[in-house]
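Working notes, beginning with the structure itself.
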Amino acid sequence: MKRKDLVDWEDFEKELFKQPGFKEAVKETELEYQVARAIIEARVKKGMTQADLASAMHTKQSVISRVENARTTPSLSFLKRLANVLDASLHVQFKM
């Protein structure tokens, strides 16, 4: 049963994209979103919480949260440490 006062996500998203500047803002933050999503997926695949990952990286859980919420852009050294802790390889590429 669907409540009338709840907005369907697809309808809400369509309305957002009608707003001036929204589409451009999404494009500008796409890379940060992809990085955050990749970090979350890798962490979850390893069965780690944010706190587990933070501890292994010798940082705070709040740092991991900010990166995963795309509130900050991680440095290359952070990503290298992260890859090491997750026993993963880090790949950077330019597609043309």
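The values are calculated or read from the model by the stated rules, or taken from the named source; none is laboratory data. Quick caveat, the model's predicted, so the values are computed rather than measured. Neighbour counts are summed over all protein chains in view; Cβ atoms, including those assigned to glycine, are modelled from backbone coordinates with ideal geometry.
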Could you pull out the residue among 73, 59 that is hydroxyl-bearing (Ser, Thr, Tyr) and either more than 24 Å from residue 92 (Cα to Cα) or in contact (Cβ under 8 Å) with a residue 40 or more places away in the chain (or both)? 73
Complete set of residues in the range 31-41 that are surrounded by 11 or more Cβ atoms within 10 Å (Cβ to Cβ) and either in contact (Cβ under 8 Å) with a residue 12 or more places away in the chain or not basic (Lys, Arg) (or both): 31, 32, 33, 34, 35, 36, 38, 39, 40
Do we have any residue at all in the range 42-52 that's modelled with pLDDT of 90 or more, under 30 Å from residue 89 (Cα atoms) and surrounded by fewer than 10 Cβ atoms within 10 Å (Cβ to Cβ)? yes
Close pairs (9 angstrom Cβ cut-off, 6 or more residues apart or separate chains): without any contact (Cβ under 8 Å) to a residue 40 or more places away in the chain and of a type outside the set (A, V, I, L, M) in the range 78-96, surrounded by 12 or more Cβ atoms within 10 Å (Cβ to Cβ) and in a helix (DSSP H, G or I) anywhere: 78/57; 78/63; 78/67; 81/57; 84/57; 89/83
Select from the range 62-93 the residues that are of a type in the set (A, V, I, L, M, F, W, C), assigned to a loop (DSSP other than H, G, I, E, B) and surrounded by 11 or more Cβ atoms within 10 Å (Cβ to Cβ) and write down the one among them that is modelled with the lowest pLDDT. 70
Can you tell me which of (1) assigned to a helix (DSSP H, G or I); (2) of a type outside the set (Ser, Thr, Tyr); (3) within 27 Å of residue 95 (Cα to Cα) is the one residue 11 doesn't meet? (3)
